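Here the structure comes first, spelled out in C-alpha cells, and everything after it is commentary.
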Amino acid sequence: MTDKKASNQMWGGRFASGPAAIMEAINASIGYDRKLYAQDVRGSLAHSEMLAKTGIISADDSKKIADGLKAILKEIEDGNFAFSTKLEDIHMNIEARLAELIGPAAGRLHTARSRNDQVAVDFRLWVKDEFHRVAEALKGLIAAFVERAEEHAATVMPGFTHLQTAQPVTFGHHCLAYAEMFARDLSRVRDAIVRMDESPLGAAALAGTGFPIDRHMTAKALGFREPTRNSLDSVSDRDYALEFLSVASIAGTHLSRLAEEIVIWSTPQFGFVRLSDSFSTGSSIMPQKKNPDAAELVRAKTGRLNGHLIGLLTVMKGLPLTYSKDMQEDKEAVFDAAETLDLMLAAMTGMVRDMTVNAAAMKKAAGSGFSTATDLADWLVRELGIPFREAHHVTGRAVALAEEKKVGLEKLTLEDLKSIHEGITADIFSVLSVQNSVKSRQSFGGTAPAEVRRQVRYWKKRLAKA
C-alpha cells in the first residue's frame, strides 16, 4: 500500500486527494506520538481479543491481528519500522502496516472503536506507566535522605528563617524535612493513579457503540480498575495529563528548593557540603572554580515543567465536549516533562548520596547569630516562671550585650547575665551550647538526635512497605 493510497483511505471517500503539505505538517503527530507504540499495540490486542470473544469478529481474524501486531511491535523495537507523516499518527501507522502484513483482516480491528478512545486509552496507559516510574524514583530519593539523616542525626547545623541563622538544628533533621516533602509528592502520584485507573476504550468516537462489546473485559486486560462510565467524558478527559504535569511541577519545585540549598551550601562562604567531580564542572578561565552545575540545572529545569503545565491548562481551558484536535497538543508537553523529571530525580538522588558533609563548618555556623537565644528565653520561662514576653525582652538585652562585647551568648559571664535579670543562675549555661540546644528539642518531629533517629526508624519501615 502506498503512502498516498493509505492517506486517501484514512481521510475517507469525501476527500478526493490527501491533505496539502501544510495540512499534513500541522496535522501529523507521528513525530512524537510514536512513543505510544507499545501502549497502542497493547490496546489493540485487548480490543481484538474482546471482539472475538463477543463474536463481533472471528477467532481466525483475531489471531491474524494478534500475530500481526506482535510482529509490528518487534519491528518497532528492533528499529525496522518505517514511520510515515502521511499516515498522521501512531494508530494509522500501525494499522497500515498491519494491513500490509495480514490483508483484509486488519480492517476489522477498528470495529467498535474510534481513534478518539484509542488515543485516550494509549495515553492513559503511558501516563500510568510513567507515574509508576516516578514513584520508584521518588522512593529512591527519599531513601537517600533517610540514609543521610541516620548518618548525621547528631551533626549540628544552623537552622534558618529568612536565610538568617535562627536556631541550631541537626543535618539529619534537615534531611528528613526533604523526606517529608518528597513523600507528599509520592502520595500525589499514587492518588493520581487511583483517579486515572479507568479505561476509556469502548467509548468510541463519543457516544459509545451499538456493537455488543465487553468494556470490563478490555479494562481488566489492560490493567485498569474498571471502564469509564461516561463516553462523552471518556474521550475528552485529559485530567490525568494535567495531574501528571501538576505533580511534576510541584516535585520540580521541591527539587529546585533543594538544589538552591546545595548551591548555597557548596559555596566557600558556607562550605557545608562538597560535590564530587561527578556532579560539578570547572571554569574555562578560573582554575580554582568548582561549579555545582548539576544542582543549577535541576533548579532551572523546574521552569520547564511549570511551562508545560501552564501550556496544557491553556490548551484545555476553552474546549467544549468532546474531542477537539487541540488535544493533540497534550502529548509533547507530558513526554518532555516526564523525561525532564526523570533526569532531575536521578541527578538529585545522585547528589544527595554523593555530597561530602563538612560537619565542622556546620557546627561553627550553628553557633553564629546568637542561635541559642530562644533557649535562653525558654529557660527563663521554665526555671524562673516569668512570662514569655518578659523573657523575650530579657533575652533581647542579653543579645545586645553580647553584640557589644563581640562574643556569643555562651561567652557572657554570670555577672553579665545577672545584670540583666538577677534571677539568672549558673544553670543557664547548660542551654546555651548548640549541642544542648538541639538535644533539648525532643518534641515529636523535633530536631533532637534521639527524635531524628526515631523518625529514621519510622521512615525505614514506611519505605519497606512502600
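The values are calculated or read from the model by the stated rules, or taken from the named source; none is laboratory data. No experiment lies behind these values; they were computed from the predicted model shown. FYI the Cβ positions are ideal-geometry reconstructions off the backbone, even for glycines, and counts take in every protein chain you see. These accessible areas exclude ligands, DNA and RNA; they are computed on the full protein's heavy atoms, side chains included. Shrake-Rupley method; radii C 1.70, N 1.55, O 1.52, S 1.80 Å.
Before moving on, here are some points about what is shown:
- Local net charge near residue 68, Cβ-Cβ under 12 Å (Lys/Arg +1, Asp/Glu -1): +1
- Under 27 Å from the Cα of residue 290 - lysines, other chains or at least 8 residues apart: 301, 363, 364
- Top positive-direction residue, dipole computed over the chain with Cβ charges, set 248, 318, 394: 394
- Pairwise Lys count, segment 21-111 - Cα closer than 16 Å, eight or more residues apart or different chains: 4
- Among the GluC sites (Glu not before Pro) in segment 382-466, those located in a DSSP loop and surrounded by at most 12 other Cβ atoms within 10 Å of their own Cβ are 422.
- Under the span-like rule (Cα at least 20 Å along the axis, Kyte-Doolittle mean at least 0.5), DSSP H helices of the chain: 239-265
- Whole-percent carbon and sulfur share, accessible surface of segment 21-111, 1.4 Å: 54
- Each of 218, 114, 414 was placed along the dipole of the chain (beta-carbon charges, centred on the mean Cα), and the one lying farthest toward the positive end is 414.
- Helices in the chain, meaning DSSP H runs of at least 4 residues, each add -39500 (n - 2.57). Divided by all residues, the mean residue ellipticity at 222 nm is -20500 deg cm²/dmol.
- Solvent exposure of segment 108-186 amounts to 32 Å² per residue of accessible area, where only protein heavy atoms count and the probe is 1.4 Å.
- Signed unit charges on C-beta, dipole axis of segment 365-464, positive-most listed residue 440, 384, 455: 455
- Entry comment: accessible area of segment 365-464 is 55 Å² per residue, from protein heavy atoms only and a probe of 1.4 Å.
- Here segment 248-403 has 56 percent of its accessible surface on carbon and sulfur atoms, given a 1.4 Å probe and all protein chains in place.
- Accessible area of residue 304 in the full protein assembly, 1.4 Å probe (Å², nearest 10): 110
- Kirkwood-based Rg to Rh ratio, the chain, C-alpha trace: 1.16
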